[in-house]
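Here's the structure, in structure tokens; my notes come after.
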Number of protein chains: 2
Amino acid sequence: MHELTVAAAGESGLLARIFPLLPQGRSTILGPGDDAALVAVPDGRAVISIDTQTQDQDFRLAWNSGYASTGRDVGWKCAAQNLSDINAMGAVPHTLFISLTLPPDTLVAWVEDFARGVRDAVHAFGADVAVAGGDLGRGREISVTATVLGDLGGRNPVLRSGAQPGDVVAVAGSPGRAAAGFALLESDVPHGSLGPAELALVGSQCRPVPPLAAGPAALDAGANAMMDLSDGLLKDAARLARASGCTLELDRDRLASFTRPLRAAADLLRKDEGGREQLVLEWAAAGGEDFALLSTFPGSTAVPDSFTVIGSVVPTAPGQDHDAVLRGGPGPTAWNATRGWDHFGAA
Amino acid sequence: MHELTVAAAGESGLLARIFPLLPQGRSTILGPGDDAALVAVPDGRAVISIDTQTQDQDFRLAWNSGYASTGRDVGWKCAAQNLSDINAMGAVPHTLFISLTLPPDTLVAWVEDFARGVRDAVHAFGADVAVAGGDLGRGREISVTATVLGDLGGRNPVLRSGAQPGDVVAVAGSPGRAAAGFALLESDVPHGSLGPAELALVGSQCRPVPPLAAGPAALDAGANAMMDLSDGLLKDAARLARASGCTLELDRDRLASFTRPLRAAADLLRKDEGGREQLVLEWAAAGGEDFALLSTFPGSTAVPDSFTVIGSVVPTAPGQDHDAVLRGGPGPTAWNATRGWDHFGAA
């Protein structure tokens, strides 16, 4: 029974097993079973985002360290990534739609585990989010697309384009953890030999926890600009800089609270002290998939407790591009944002 | 330049080329460029559906007849399939979110053509639909997921579960055309040799036109139940029967207006008259992907002009399953709904 495939279960059999495992919520007026769902949007406006994660591109099932990602990991990360996009606007996520593309030999147990991962993540984040509908289809590789809806409670969203010279730059969450976890998973260090600190970093890669209270808190505090960190701090900060027409100066010394918890992984992976220093900085400044928040606040604002100030917004110097630069400390004094993920490989 | 791949263009380069080609609409308050979009939902409720189409499962790029599906075909069908789900609830679609997964060697020209296909379809359907956001990612096969939002204008949706004994069963659109087109595309008859009637059937497979005015018209007329025909008339009618707890009796003679336009294709593909009769009936009764509407109306209702009455709703006989049956004419007198598509092959 544990070996039952989705091909043997059939579409309706699979749906009947998954539905009861998915999170319910107050937003759903009419759930699965018709051609479309009906969702309450009392604000009269919906914040909406769509994201796809594809096997071997956005997640891996088997890692070099011997760890095997579970359906629960993939479901959890799907929820994290999508809810983070709503958080990044200062809104509160309430509804998910999930489309799963599965090879016919996928085990039903994997899909059930996926559904439990979505549910467990939503609960762990303290969110009230329902899966109100979805789709099941067949393909050569596992692919997960989710659409998420969020509510602004009558307020206006925080955009990428609102940063002003004089703003402070702040981060909620801890960038670099997911990249350190990725490095451990891809390393030759057997997963079974990892200690608690390293396992926590692997957990940040496989089951990230976006700071969902911080987005609405930033909106309430008067943030001028915000986005989530999915492709790396410097690369995403450069995007915010370009959207806002200014420069973000980040202070390397202020990243210390982010790099400190990464030392355990660097100690395992690098023998030389200089290499370790460089590695933890790269993870924190250029590692993706943390789903932390990057915000700018007017200099006079009391930045919410969930944020760490890491720099400031300045006018872009004549002849320069709007960009993010990392200043201070040993090594390159101004590291600009040429690093990070691009899904098709170009800058 | 025509040979530029998405890998060479990069994600942001590709986005910059696609955005201007996609349809704009009045629903978008904040479009692409931030972590999420903001969409107007004045009703306070949103009708929402998600659907994925995957290469070689839901669409083919190369056909046996020599026809090569274009990006425009795939974009058009994406719009048709998704807008049809909103139509099936009696609602008016207004916003699309589209996530594209592409192999790195996909040509940028193909993706631009896809975007034009979405736009051309929306215009051809007479719809006011914006693409308010999306996602681009990399995979081994082309996969397209869209989420569509629709508006009920304060009214209540028509569900699958509302059919009552005494209702008439009616169809808007012409089931069987897409299946006949599929058979032509898969046949040994060269695409270049087809005449206008056959080409129109191929068009129904590659660029279907859902009857978007008919859904809201059915709601206004007081339809008791409705769904779109995506997996075949009999199979979908059986689903509606099960959801409603009754039996749908369809009259084979009343399918004549659907089977007649299919004769041109049957004449090409079958030499014997009996085989042709069987073929056109199979296409009309069991062929999928037409995105026609199946509705039931109270017997006293004036059925909207866009619908053709094809049968009636009766109580399910004791000991029988709720099902759809096709009665009358030569051949099997009661063909039940064991045919049609299941994405994983089981019934």
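The values are calculated or read from the model by the stated rules, or taken from the named source; none is laboratory data. This one's a predicted model, so the numbers in the text were calculated from it and none came from an experiment. Note: ideal-geometry Cβ built from the backbone for every residue, glycine included; neighbour counts use all protein chains shown.
Assorted remarks:
- Scanning the stretch B:3-16 for residues that are within 28 Å of A:Val158 (Cβ to Cβ) and more than 10 Å from chain A (Cβ to nearest Cβ) turns up B:Leu15, B:Ala16.
- Counted residues, the stretch A:21-73 - those being within 11 Å of chain B (Cβ to nearest Cβ), basic (Lys, Arg) and under 23 Å from B:Thr54 (Cβ atoms): 0
- Residues in the stretch B:148-184 that are of a type in the set (S, T, N, Q) and closer than 15 Å to B:Ala91 by Cβ: B:Asn156 only.
- Taking every residue in the stretch B:199-211 that is crowded, with 24+ Cβ neighbours inside 10 Å and pairing it with any residue that is hydroxyl-bearing (Ser, Thr, Tyr) and part of a helix (DSSP H, G or I), at least 6 positions away or on another chain, the pairs with Cβ-Cβ distances below 8 Å are B:Pro210/B:Ser84.
- Scanning the stretch A:201-220 for residues that are more than 25 Å from A:Leu326 (Cβ to Cβ), away from chain B (no Cβ under 14 Å), hydrophobic (A, V, I, L, M, F, W, C) and assigned to a helix (DSSP H, G or I) gives A:Val202, A:Cys206, A:Ala217.
- Meeting the requirement of 1 or more residues that are buried (at least 22 other Cβ atoms within 10 Å of the Cβ) and either in contact with a Phe, Trp or Tyr (Cβ under 6 Å, 6 or more places away or on another chain) or not assigned by TED's automatic domain parsing to the domain that holds A:Gly195 (or both), the helices (runs of 4 or more DSSP H) wholly within the stretch A:233-293 are A:273-286.
- One residue from B:Glu141, B:Glu198 being of a type in the set (Asp, Glu) and either assigned to a loop (DSSP other than H, G, I, E, B) or within 19 Å of the chain's Cα centre (by Cα) (or both): B:Glu141
- Which listed residue, of A:Val209, A:Val168, is modelled with pLDDT of 95 or more and over 29 Å from A:Ile98 (Cβ atoms): A:Val168
- Taking the stretch A:25-37 as the range and being hydrophobic (A, V, I, L, M, F, W, C) and buried (at least 24 other Cβ atoms within 10 Å of the Cβ) as the test, the residues that pass are A:Ala36, A:Ala37.
- Scanning the stretch B:243-275 for residues that are touching a strand residue (DSSP E or B) at 6+ places or on another chain (Cβ under 9 Å) and within 14 Å of chain A (Cβ to nearest Cβ) yields B:Ala243, B:Ser244.
- Listing of strands (runs of 3 or more DSSP E) fully contained in the stretch A:24-119 that carry 3 or more residues being under 22 Å from the mean Cα position of the chain (by Cα) and of a type outside the set (Val, Ile, Thr): A:45-54, A:92-102
- One residue stands out among those in the stretch B:128-167 that are touching a helix residue (DSSP H, G or I) at 6+ places or on another chain (Cβ under 6 Å) and under 26 Å from B:Leu15 (Cα atoms): the one that is farthest from the other protein chains (Cβ to nearest Cβ), which is B:Val129.
- Count - residues of the stretch A:144-177 that are more than 20 Å from A:Pro304 (Cα to Cα) and under 22 Å from the mean Cα position of the chain (by Cα): 11
- B:Gln205 meets each of the listed conditions (1) in contact with a strand residue (DSSP E or B) (Cβ under 8 Å, 6 or more places away or on another chain); (2) under 15 Å from B:Ala80 (Cα atoms); (3) not charged (D, E, K, R) apart from (1).
- Taken over the stretch B:212-230, the criterion of being modelled with pLDDT of 95 or more and among the small types (Gly, Ala, Ser) is satisfied by B:Ala213, B:Ala214, B:Gly215, B:Ala217, B:Ala218, B:Ala221, B:Gly222, B:Ala223, B:Ala225.
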